[in-house]
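Chemist: The structure that follows is given in the form of structure tokens.
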Amino acid sequence: MPKIDQSVLNDKESIVRDLKKFTNSINIISDPEGITPYETDALSAYKQKPMAVVLPENTAEVSDILKYCHKNNIKVVPRGSGTGLSGGALPLADCVLLGLSKFNKILEIDFENRCVVTQPGVTNLSLTKAVEHNGFYYAPDPSSQIACSIGGNIAENSGGVHSLKYGTTTNNVLGVEIVLMDGTIMRFGGKKLESEGYDLLGLITGSEGLLGVLTEVTVKILKKPQSVKALLLGFQSVEDSGQCVSDIISGGIIPAGMEIMDKPLIKATDNYAKAGYPKDVEAILIVELDGTESEVNILIKRVEEIAKKNKSTYLRISKNDEERLRFWLGRKAAFPAIGDMSPDYLCMDGTIPRKKLAEVLKEITKLSQKHGLRVANCFHAGDGNLHPLIMFDSNVKSELKRAEKFGADILKYCVKVGGVLTGEHGVGIEKRDLMCEMFNDEDIQQQLNIKQAFDEKSLLNPGKVYPILHRCAEGGKMHVHKGDTKFKDIPRF
Amino acid sequence: MPEIYSLSSEHEVADFIKNCNSEEVPIEITGHNSKSIGRLIQCSKSLHLKNLSGIIEYFPEELYIKVKAGTPLALVEIELDKKNQELSFEPPDMGFLYTGQSNKGSVGGAVACNLSGSRRFRAGALRDHILGFRGINGKGEIVKSGGTVVKNVTGYDVSKLITGSYGTLVALTEIVLKVQPKNEESQTLLVNNINLKKALNIFSKSMQTSVEISGACFYPAKMSKFFKLNDLDTTTSITAIRLEGPKISVVERINTLKKLFDEYKKTISVLENYQSRIFWKNTTDLQFFNNSKNIVAKIILPPVNTDQFINKFENEELKYVIDWAGNLIWAEIPENDSVLLRQLRTEVTKLAGHMTIIKAPNHMRIKEDFLTTVDENIKVLSLKIKESFDPKKILNPGKMYSGI
């Protein structure tokens, strides 16, 4: 992490006094107890109290605060709901933590232009709730959608199970109001489909809070499909389930969602959620199809044929929405179920080419033996996003270190087979030191140069995403002890 | 005339740019020279990437294709078609507009211009379909970003920044594009002889249903005549809505729309698969402005403002076609009418949109801005971004804005 600026810490009192000029004084927290809830995001293995927390109420306040910090060389860490899993909102000891929780209003619902203008602190799910009376919804659905904010979704380019068909956040955002570190207020995009010039909206989406602070967001809304059905398929090998996914896609079908779970996970979730999964299979595949009723029925038939061709030994088609949701129930219980089976686990987040699934799972099994730790796997098969859950016991000396080494080895292997380090959790601080597995010095320097264009003093969320020293180290720090995650009520899958 | 360099490997391109950087020599970068978008620039060296061509890998089941930047787009489409796949953003064939002949140009050129066809409002733009790239920045360094997978948050999404940057940030060498299965059936619901306001209302109403339309355009009466399709009434305005998917589903959805727009039943007709595909190809390829000698502009507005914009210019010499369900106006104005051009630009800004000049005589490309940006902060930030890739500003200098 960047070196602590002692002179800033020495000036803490006067800085807090100054900040009070820019916002209501009750929106500033600097006592040790008050700032404790902000010391970590959902990657609770890392904790650091900030110098002070500021909760501005409008764009002008954000601009004034950033301008002040820029002028006085004070680091700023922006934070949405704090549900991120890679430490992207982890404070620094000498930073001002800029919380956007008071930006919690939906500003305009525009059905005519099929968009919603909202403040960034609004949760993902409440966007859908606000438009569903008219049959609309907001497509990206990260599993933490009940609590995560739309501003955070943009920072992490959040996905969800439907991203193969409907894209991730970047494909569903139309515009933003953003404040740069020097206080400049700008707008990228708007209620129209495209902007001219450089695609600044595309660049800031997924930039993990390093380029600017969002103060307003415009998202696209879609009409809900007429019909949604799911198939629950069982296979005697993971290879067969993976081949089935490839054949579905080669057959010209793009399902709304496709998920694979391996045997350890089926066992864990079935005990936990009683979802009624078949017990005599090595892998299950859930395929969800949506569209008009007749289209869904045709596609179900086609998927059924493809599954049979791939030696599926179990097949059930949801008869109604209740049954469809039951298919998902076990899958959604994956994380807490593992929490019940093991005192601790690490959750990894690599993306791989779909066809490499069997190879990667084999390698994970090998690594599991090498590191002497159990692992269970769930896989967003549609888009290649793999979440191995590494089980360990932090009370046993060296297990955490071994688990981290195991996690880093998995991510390195993902990159080796043509995948990437993170599909949806972000790099943050968790995978920062693995960036050199994917990028060489020139690639990283180019990205740091882009950062300079937005924030020449590197004061906004420094120490995240890009390694300060280019070296490879262990990654995989989503450590869950006794199922005790931060925001543990949020379903993760 | 600039010296022309046709290079055929990434390594050669990197060395070439490195040398130009050390000598501070500006370079014009072109692919197949199929488009003349952007400000006219003068460089002593012209770098052609036509020979940097070929498909590197194509995995239909992985839904991506990786190609060298100079690969002809037409070749890519032929390869995809063999596996019943396509680029679902429907890259337009701009050759018809510029020369009256088909010339889809290179993949790199398409990425540099971020052009998308009629399905854009449903399937996204080209920028939504680029997964990764390799290219050479202004210092001659090979830089890359993204990958071959859809879900990826590893570092900044530089692929998006590159898309639509008109070759001012990198000379592209390699591109990964997402591909999609081809739709089994295409049918088009036509409503004849209604005005723009009613057409926009039809678009909006269709989008409020679950019918999932994938094309929605409007031809005023004077623009509809160029069509030579059997099933098309070309004496009046045409309002067209496309539906795609499995045949049974398309038929069902067409019937839903027919019922919804029952008030127009006397003028409703349907284009079947073959003619429907021709109709949308002609629309996407701007064949209504085939080999135009005039100024052609692409105007993008929030769809609710489109009618107001067109009304403002009712009495002017303006030809137009509406696409993207009302989000896009293709406009043609006389080649020397810079007064009308400025009026369009002023009005589009007032209505929260923007205008890009896609074709103009060379004398105009020197003095006129081809983008509308009025926000000085965006220009300042854009300049900083340009400098972060190309500090000596040697790649397509001035192509986007003066100085960028």
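The values are calculated or read from the model by the stated rules, or taken from the named source; none is laboratory data. No experiment lies behind these values; they were computed from the predicted model shown. Note that we place each Cβ from the backbone using ideal geometry, even for glycine, and neighbour counts take in every protein chain shown.
Chemist: So, restricting to helices (runs of 4 or more DSSP H) that lie completely within region A:272-370, which ones have at least 3 residues that are touching a residue at least 12 places away in the same chain (Cβ under 8 Å) and of a type in the set (Gly, Ala, Ser)? Please lay out each step first, then the result.
Modeler: Working: elements: A:293-309, A:321-332, A:334-341.
Counting at least 3 such residues, we get A:334-341.
Chemist: Can you name the condition, by its number, that A:Ser394 falls short on among (1) in contact (Cβ under 8 Å) with a residue 24 or more places away in the chain; (2) out of contact with any Pro (no Cβ under 9 Å at 6 or more places or on another chain); (3) more than 22 Å from A:Arg354 (Cα to Cα); (4) away from every other protein chain (no Cβ under 14 Å)?
Modeler: Every condition holds for A:Ser394 apart from (2).
Chemist: Continuing with this model, one more query. Go through (1) away from chain A (no Cβ under 14 Å); (2) under 17 Å from the mean Cα position of the chain (by Cα) one by one and return the number of the condition B:Gly117 breaks.
Modeler: Failed condition: (1).
Chemist: Next up: Considering only residues that are within 14 Å of chain B (Cβ to nearest Cβ) and either under 23 Å from A:Tyr46 (Cβ atoms) or buried (at least 21 other Cβ atoms within 10 Å of the Cβ) (or both), which ones fall in region A:79-113?
Modeler: To start, the set of residues in region A:79-113 that are within 14 Å of chain B (Cβ to nearest Cβ) comprises A:84-88, A:108-113.
A:Gly84, A:Leu85, A:Ser86, A:Gly87, A:Gly88, A:Asn113 - these are the residues of region A:79-113 that are within 14 Å of chain B (Cβ to nearest Cβ) and either under 23 Å from A:Tyr46 (Cβ atoms) or buried (at least 21 other Cβ atoms within 10 Å of the Cβ) (or both).
Chemist: If you don't mind, another one. Looking for something within 10 Å of chain B (Cβ to nearest Cβ), in a loop (DSSP other than H, G, I, E, B) and surrounded by fewer than 23 Cβ atoms within 10 Å (Cβ to Cβ) - is there at least one such residue anywhere in region A:142-165?
Modeler: Within region A:142-165, none of the residues are within 10 Å of chain B (Cβ to nearest Cβ), in a loop (DSSP other than H, G, I, E, B) and surrounded by fewer than 23 Cβ atoms within 10 Å (Cβ to Cβ).
Chemist: Of all residues in region B:288-305, which are assigned to a helix (DSSP H, G or I) and more than 10 Å from every other protein chain (Cβ to nearest Cβ)?
Modeler: Across region B:288-305, the qualifying residues are B:Phe288, B:Phe289.
This table checks each residue for (1) part of a helix (DSSP H, G or I); (2) touching a Gly at 6+ places or on another chain (Cβ under 7 Å); (3) touching a residue at least 12 places away in the same chain (Cβ under 8 Å).
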position	(1), (2), (3)
A:Pro50	no, no, yes
A:Val53	no, yes, yes
A:Ser63	yes, yes, yes
A:His70	yes, yes, yes
A:Asn73	no, no, yes
A:Gly82	no, no, yes
A:Ala89	no, yes, yes
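Chemist: In this structure, is A:Ile249 assigned to a helix (DSSP H, G or I) and facing another protein chain (nearest Cβ under 9 Å)?
Modeler: Here the answer is yes, as A:Ile249 does meet what is asked.
Chemist: Another question about this same structure. Hey, B:Leu80 hits all of (1) part of a loop (DSSP other than H, G, I, E, B); (2) of a type in the set (A, V, I, L, M, F, W, C); (3) within 14 Å of another protein chain (Cβ to nearest Cβ) but one; which does it fall short on?
Modeler: (1)
Chemist: What number of residues within region A:436-453 satisfy the criterion of being within 7 Å of chain B (Cβ to nearest Cβ) and farther than 14 Å from B:Asp157 by Cβ?
Modeler: Residues that pass the stated criteria total 4.
Chemist: If you check every pair at least six apart or on different chains, which have Cβ atoms under 6 Å apart with a residue in region A:6-23 that is in contact (Cβ under 8 Å) with a residue 40 or more places away in the chain first and a residue that is in a helix (DSSP H, G or I) second?
Modeler: A:Phe22/A:Glu61; A:Phe22/A:Asp64; A:Phe22/A:Ile65; A:Thr23/A:Glu61
Yes/no matrix, rows are residues, columns are (1) surrounded by fewer than 21 Cβ atoms within 10 Å (Cβ to Cβ); (2) touching a residue at least 60 places away in the same chain (Cβ under 8 Å):
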| site | (1), (2) |
| --- | --- |
| B:Ile241 | no, no |
| B:Lys247 | yes, yes |
| B:Leu260 | yes, no |
| B:Val270 | yes, yes |
| B:Thr283 | no, yes |
| B:Asp323 | no, yes |
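Chemist: For residues in region B:352-370 being within 14 Å of chain A (Cβ to nearest Cβ) and out of contact with any strand residue (DSSP E or B) (no Cβ under 7 Å at 6 or more places or on another chain), which is farthest from B:Lys222 (Cα to Cα)?
Modeler: B:Asp369
Chemist: Limited to region B:13-57, what total is found for residues that are without any contact (Cβ under 8 Å) to a residue 24 or more places away in the chain and assigned to a strand (DSSP E or B)?
Modeler: Number satisfying all stated conditions: 1.
Chemist: For region A:267-315, enumerate the residues that are small (Gly, Ala, Ser) and more than 17 Å from A:Trp328 (Cα to Cα).
Modeler: A:Gly291, A:Ser294, A:Ala307, A:Ser312
Chemist: Also, I was wondering about something else. Inspect region B:171-181 for any residue being of a type in the set (Ser, Thr, Tyr), in contact with a strand residue (DSSP E or B) (Cβ under 8 Å, 6 or more places away or on another chain) and more than 7 Å from chain A (Cβ to nearest Cβ) and give the result as yes or no. Let's see the steps before the verdict.
Modeler: Filtering region B:171-181 down to residues of a type in the set (Ser, Thr, Tyr) leaves B:173.
Within this subset, residues satisfying the condition of being in contact with a strand residue (DSSP E or B) (Cβ under 8 Å, 6 or more places away or on another chain) are B:173.
Those still in the list that are more than 7 Å from chain A (Cβ to nearest Cβ) too: B:173.
Within region B:171-181 (the criterion being of a type in the set (Ser, Thr, Tyr), in contact with a strand residue (DSSP E or B) (Cβ under 8 Å, 6 or more places away or on another chain) and more than 7 Å from chain A (Cβ to nearest Cβ)), the answer is yes, since at least one residue qualifies.
Each row is one residue, and each column tells you yes or no for (1) buried (at least 23 other Cβ atoms within 10 Å of the Cβ); (2) within 14 Å of another protein chain (Cβ to nearest Cβ); (3) in contact with a Leu (Cβ under 8 Å, 6 or more places away or on another chain); (4) not aromatic (Phe, Trp, Tyr).
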| site | (1), (2), (3), (4) |
| --- | --- |
| B:Leu340 | no, no, yes, yes |
| B:Arg345 | no, yes, no, yes |
| B:Lys350 | no, yes, no, yes |
| B:Thr372 | no, yes, no, yes |
| B:Asp375 | no, yes, no, yes |
| B:Ile378 | no, yes, yes, yes |
| B:Leu381 | no, yes, yes, yes |
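Chemist: Go through B:Val143, B:Val176 for me and flag whichever is touching an Asp or Glu at 6+ places or on another chain (Cβ under 6 Å), of a type in the set (A, V, I, L, M, F, W, C) and either in a strand (DSSP E or B) or crowded, with 24+ Cβ neighbours inside 10 Å (or both).
Modeler: Working: B:Val176 fails: touching an Asp or Glu at 6+ places or on another chain (Cβ under 6 Å).
From the options B:Val143, B:Val176, the qualifying one is B:Val143.
Chemist: Quickly run through region B:179-225 and pick out the residues that are assigned to a loop (DSSP other than H, G, I, E, B) and within 30 Å of B:Pro60 (Cα to Cα).
Modeler: Within region B:179-225, B:Val179, B:Lys182, B:Asn183, B:Glu184, B:Ser210, B:Val211, B:Glu212, B:Ile213, B:Ser214 qualify.
Chemist: Out of region B:209-242, which residues are over 19 Å from B:Ile194 (Cβ atoms) and at pLDDT 95 or above?
Modeler: Within region B:209-242, just B:Ser214 meets the criteria.
Chemist: Next up: Any residue at all in region B:125-135 that is of a type in the set (A, V, I, L, M, F, W, C), within 18 Å of the chain's Cα centre (by Cα) and more than 30 Å from A:Asn113 (Cα to Cα)?
Modeler: No: zero hits.
Chemist: Only one of (1) over 25 Å from B:Lys35 (Cα atoms); (2) more than 14 Å from every other protein chain (Cβ to nearest Cβ); (3) not in a loop (DSSP other than H, G, I, E, B) is not met by B:Val321, so which one is it?
Modeler: (1)
Chemist: Scan (1) out of contact with any helix residue (DSSP H, G or I) (no Cβ under 6 Å at 6 or more places or on another chain); (2) under 30 Å from A:Val287 (Cβ atoms) for the single condition A:Lys192 breaks and write down its number.
Modeler: (2)
Chemist: Can you tell which of B:Leu351, B:Leu383, B:Leu371 is modelled with pLDDT of 95 or more, under 18 Å from B:Arg39 (Cβ atoms) and not hydroxyl-bearing (Ser, Thr, Tyr)?
Modeler: Values: B:Leu351 fails: under 18 Å from B:Arg39 (Cβ atoms); B:Leu371 fails: modelled with pLDDT of 95 or more.
The unique qualifying residue is B:Leu383.
Chemist: Output yes when any residue across region B:161-168 is more than 30 Å from A:Gly426 (Cα to Cα) and part of a loop (DSSP other than H, G, I, E, B), and no when none is.
Modeler: To start, the set of residues in region B:161-168 that are more than 30 Å from A:Gly426 (Cα to Cα) comprises none.
No, every residue in region B:161-168 fails to be more than 30 Å from A:Gly426 (Cα to Cα) and part of a loop (DSSP other than H, G, I, E, B).
Chemist: Still on this structure: What number goes with the only condition from (1) outside any strand (DSSP E or B); (2) more than 30 Å from A:Ile284 (Cβ to Cβ); (3) more than 7 Å from chain B (Cβ to nearest Cβ); (4) not small (Gly, Ala, Ser) that A:Glu239 does not pass?
Modeler: Of (1) outside any strand (DSSP E or B); (2) more than 30 Å from A:Ile284 (Cβ to Cβ); (3) more than 7 Å from chain B (Cβ to nearest Cβ); (4) not small (Gly, Ala, Ser), only one is false for A:Glu239: (2).
Chemist: Listed residues B:Ser145, B:Ser106, B:Ser53, B:Ser118; which is of a type in the set (Ser, Thr, Tyr) and closer than 17 Å to A:Asp199 by Cβ? Can you show your working first?
Modeler: Working: B:Ser106 fails: closer than 17 Å to A:Asp199 by Cβ; B:Ser53 fails: closer than 17 Å to A:Asp199 by Cβ; B:Ser118 fails: closer than 17 Å to A:Asp199 by Cβ.
None of the others qualify; the one that does is B:Ser145.
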